[in-house]
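Everything on this sheet refers to the single structure shown next.
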Amino acid sequence: MMKIKLTLLTFIISFSAIAANTPLDNLKLMQLYLDKNQLEKVEDLYDENEEILGKNWMALERLAISFERREKFKEAIETYRKIIVNFNKEAHEKILATSASKMDSSYYDKTKLQLYYYKLAFLNTQLFSKTNSYTPGNDRSKYKKNAEGFIGLARKVKVDEGDLKLLEDLLQEKINSDERMTYKSHYYASLDFISWQDRLYLVNTSGVKTNLLSTAIGTCIGGGKKWENVNFEFDLEGCFAVLTATISSEDRTVKYQQSSVAVKGFVAGPGMYFKTFSDNVLLGVHVPVKYRQGDWTNPDETQYRFEREKTYEAGYFLQSKIKIKNVSLRTRLGKVFPNPGSLWSIGLLYDF
Amino acid sequence: MFKSKSLIIMSLIGACQFFSPKAEAYPNFIGHGYNSCITCHYNPFGNGPINDYGRAFSATAVSSRGFYDDNKPEELISQESGFLFKQPENKHFRPQLSYRGMLLKQNFGEVKETTDYIHMQADLSLVGLFGENDKYIAEVTFGYAPVPRALQNTPQADSIKTYRTREHYLGYRPNQTWGIYAGLMDKTFGVRLVEHTSYSRTTPQLTMDDQSHGVVIHYNTPSFEGGLNAFVGNLTQDVDLRMKGFAGTFEYTLLEKNRVGLSVMKEGNDYVDQTAYAAHIRSGLDHGTSIIFEVGRVEKTPKTSSLSKTEYYSIFQNEIRATRGVYFLNSIEYYKNAVDKSYRVRFGPSVSYFPRSKIELRVDLNNTRNFSQESSVKDRWDLLAQIHLWL
């Protein structure tokens with residue numbers, strides 16, 4: 001039974017299409033296609049009869065609705081503009097020339113300009129909301145400007161304030177979202193407790209090496225610049241480190257021990273954080289390049305020399321950061337090569 | 001006599017350093033908005049079996065949905081969180097089976113790396129609930145207790161029982177605010193972390209086998225929670241070893257998801273007196289993410305010598321909920337012995353994965369560094385991989 005009904009309906013529509021040869025028939029058919037959500041047929045029918053239907057505001061209105069439903073927003077805008085220019089020009093110009101406070105409802109009572117202004121505001125808002133990083137900047141600003149302009153016009157002709165507020169909220173949401181995606185840069189200062197364990201060698205005149213292990217802890221003061229958006233944070237930073245170390249030989253062939261040795265150095269490098277889990281608790285990695293030198297005491301300069309007394313090293317940090325307004329608590333654990341121990345730091349950052 | 005008992009005590013303490021989490025309290029869940037342990041546990045300060053709500057919360061908020069059919073409703077998952085995957089039919093009794101095992105690689109990555117598998121826990125718990133609003137409660141947990149590693153393959157190991165009860169008590173809770181509990185329980189001191197090997201648990205001797213018989217009074221309101229605990233030692237121990245005394249912990253709620261707390265404990269036996277103080281803060285940040293910070297001081301005064309010992313510890317933990325079922329935990333611990341001025345810092349990043357209800361997998365990497373004026377000692381790395389099952 002259902003199948004028969006569908007066949008009959010298809011037949012009626014097809015027959016009507018063939019039979020339609022007056023603007024009114026075409027208009028009825030366009031409405032039928034709209035009702036059946038056969039949107040492409042609306043446009044096909046218009047294209048086939050553009051010469052006649054282009055002069056009919058009701059046909060153009062149905063074409064615009066079809067474009068809108070198919071999310072062909074630019075075409076829908078163009079169609080509504082055509083309706084305004086061709087059929088409501090006088091009223092439109094009058095509204096444009098009149099300030100909001102002096103607006104008289106008689107200017108637009110007999111037109112559908114309230115609907116068209118709202119539709120244009122809505123369609124431009126949609127276009128703006130769908131922009132992304134590939135959209136040319138000019139287009140983005142044009143859609144936003146047009147949306148704001150038509151919201152203003154719609155407000156002038158007393159379109160429902162709730163509907164307009166909804167559009168303004170959509171615009172603002174997109175503006176905020178774009179802002180969150182935009183990288184912003186800040187400078188920051190850092191103060192860390194830092195500790196590392198590294199190796200140097202005491203080499204005698206025969207070339208025999210004794211492994212010395214140094215465990216150092218101190219502070220590292222510095223700062224950096226960061227670039228962040230809603231998803232990521234990248235930074236480049238450096239700090240000057242002042243530490244004290246205990247150093248002793250790892251084997252017993254040579255006994256060497258010294259405590260409270262002054263060690264200086266710097267740690268610098270790029271890093272990044274993911275903001276995937278939280279805006280305020282960040283996880284990331286850092287690639288530190290470390291330089292250090294220490295006031296190691298040579299037991300006998302005629303017999304021994306130090307190897308790796310001053311050294312550059314590089315490695316990695318796994319880092320986490322907890323942000324509370326401008327202050328962050330940062331912890332980092334990693335390794336610099338070829339040292340046996342870890343490199344870690346616990347510190348505070350202040351964003352300027 | 002004293003020497004041998006002290007040796008056993010110190011060995012037990014030392015052994016615990018290398019054991020991994022057994023306690024089942026998750027104070028980090030303040031990040032989920034749960035300030036008090038009693039929401040999910042029968043014991044008001046956590047540990048031991050979890051209640052029906054705790055089981056449902058674990059199944060539907062903590063555990064991943066990854067191994068469930070997409071169409072399976074949360075309500076059904078919640079119902080299956082009961083004992084043996086069934087919704088409890090009996091309103092008076094709640095059994096629970098719990099197992100924790102750990103693969104431990106000490107000196108990970110070094111020539112002297114060792115690998116062990118430890119059955120840390122295999123417990124059967126039974127909770128009895130009676131009266132209006134379950135105001136009478138009885139709980140007993142009985143199970144396997146491994147011989148401490150330091151005593152394994154020694155003559156003392158033969159005298160150590162490998163099955164024991166770690167908790168049994170009777171409780172009376174006339175209303176939500178007040179409760180009184182009597183029996184064998186953990187002492188109320190500090191934040192009862194899941195990691196019983198942390199310095200905040202080992203320094204005041206509150207590890208896996210340090211429960212004591214006593215009475216706990218619990219007071220709980222949204223803004224304040226406190227517990228007072230008078231104890232007489234574990235009655236299964238020899239009388240001279242039993243640590244008798246009192247402990248108390250108090251927490252005040254600040255800005256809804258933050259708690260600041262103070263703890264005190266004074267105890268002693270025939271050989272040593274111990275006094276401990278601690279202050280802590282727990283904060284819930286974003287959904288499921290939290291930080292915990294505790295700092296403490298412990299004085300140990302031997303009764304047979306004048307060599308008292310003062311120790312300090314602190315712990316910072318940041319738990320980050322990556323997604324439902326996955327948590328990153330970043331722990332930094334500090335321990336200082338005032339006698340020789342040496343101190344240790346331990347970094348312990350870890351990942352916990354709850355693939356589905358009743359299963360927890362966890363991997364920890366611990367990096368311990370000793371700071372001493374005497375020598376520079378190579379860092380120690382330990383890898384801990386655990387499985388936790390409960391029914």
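Any read-out appearing in this document is the output of simple, stated calculations on the displayed coordinates, not a laboratory observation. Here the structure is a predicted model, which means the values were calculated and not measured. Cβ: placed from backbone, ideal geometry, glycine included. Neighbour counts: every protein chain shown.
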Amide N of segment A:183-209 lying under 15 Å from the label point, which is placed 7 angstrom from the Cα of A:Lys255 along Cα→Cβ: none
Those trypsin sites (Lys or Arg not before Pro) in segment B:330-386 that DSSP places in a loop and that have at most 13 other beta carbons within 10 Å: B:Lys341
Spacing of the two label points (7 Å from each Cα toward its C-beta) at B:Leu103 and A:Ser133, in nm: 4.0 nm
For residues of B:367-374, the mean tally of beta carbons on other chains within 10 Å: 5
Average projected area [Cα convex hull, chain A], square nanometres: 31.2 nm²
Candidates per trypsin sites (Lys or Arg not before Pro) in segment A:204-286, loop by DSSP, up to 15 other Cβ within 10 Å: A:Arg252, A:Lys255
With Cα atoms, 0 to 90° folded angle of helix B:2-16 axis to chain B main axis: 50 degrees
Sites B:Gln152 and A:Val230, calculated FRET efficiency, Cβ-Cβ separation with R0 56 Å, nearest 0.05: 0.55
Rg and Dmax [Cα atoms of the protein assembly as shown; Å; Rg one decimal, Dmax integer]: 36.0, 116
Computed lengthening from A:Ser105 to A:Thr22, 0.36 nm per intervening residue step minus Cα-Cα distance: 26.4 nm
Sparse-neighbourhood loop sites, GluC sites (Glu not before Pro) in segment B:29-106 - DSSP loop, at most 14 other Cβ within 10 angstrom: B:Glu89
Residues whose placed amide H lies under 5 Å from that of B:Glu113, excluding near-sequence neighbours: none
Paramagnetic reach from B:Leu361 in segment B:316-330 [backbone N under 18 Å; point 7 Å along Cα→Cβ]: B:322-329
Helix runs (DSSP H) in chain A reaching 24 Å along axis by Cα, Kyte-Doolittle at least -0.5: A:2-19
Distance (nanometres) between label positions extended 7 Å along Cα→Cβ at B:Ile387 and A:Arg308: 4.0 nm
Tensor-based shape of segment A:166-235 (alpha-carbon gyration tensor, a/c under 1.5 rounded, otherwise prolate or oblate): prolate
Shielding by partners, peptide B:283-292 (average Cβ within 10 angstrom, other chains): 3
Shielding by other protein chains, B:376-389, mean Cβ within 10 Å: 3
Sum of -39500 (n - 2.57) over DSSP H runs of 4+, divided by residues of the protein assembly as shown (222 nm, nearest 500): -7000 deg cm²/dmol
Eligible aspartates and glutamates near A:Lys323 by straight Cα distance, threshold 12 Å, same-chain separation 8 or greater: A:Asp279, A:Asp351, B:Asp286
Sequence ranges B:281-289, B:62-70, B:167-175, ranked by mean other-Cβ count within 10 angstrom, highest first: B:281-289, B:167-175, B:62-70
Average Cα contact separation per residue, segment B:97-156, under 8 Å, 6 or more apart, as relative contact order %: 28 percent
Cα-based equivalent ellipsoid of segment B:2-390: semi-axis lengths in Å, sorted from largest, via gyration tensor: 32, 25, 21
Segment A:250-298 versus segment B:155-172: alpha-carbon centroid distance in Å: 45 Å
Per residue, the convex hull volume that the Cα atoms of segment A:13-180 enclose (Å³): 131 Å³
Order by protection proxy (mean Cβ within 10 Å, highest first), peptides A:341-348, A:47-54, A:195-202, B:240-247: A:195-202, A:341-348, B:240-247, A:47-54
Extension gain from B:Lys112 to B:Asn133, taking 0.36 nm per residue of separation minus the Cα-Cα distance: 2.0 nm
For segment A:184-351: Kirkwood Rh in Å [reciprocal of mean 1/r, alpha carbons]: 17.0 Å
nm² value of the averaged projected area, convex hull over the Cα atoms of segment B:112-168: 5.7 nm²
Distance violations [Cα-Cα > 21 Å] among A:Lys209/A:Lys290; A:Lys130/A:Lys158; B:Lys105/B:Lys300; A:Lys55/A:Lys82; A:Lys130/A:Lys275: A:Lys209/A:Lys290; A:Lys130/A:Lys158; B:Lys105/B:Lys300; A:Lys130/A:Lys275
Distance between modelled label sites at A:Asn176 and B:Asn71, nm, 7 Å Cα→Cβ extension: 3.7 nm
Cα centroid of segment B:224-253 to Cα centroid of segment A:176-200, whole Å: 45 Å
Proximal aspartates and glutamates to B:Lys303, defined as alpha-carbon separation beneath 20 angstrom and excluding residues fewer than eight positions away on the same chain: B:Asp238, B:Asp240, B:Glu267, B:Asp270, B:Asp273, B:Glu311
Inter-centroid distance (Cα atoms) of segment A:310-348 relative to segment B:81-99, Å: 46 Å
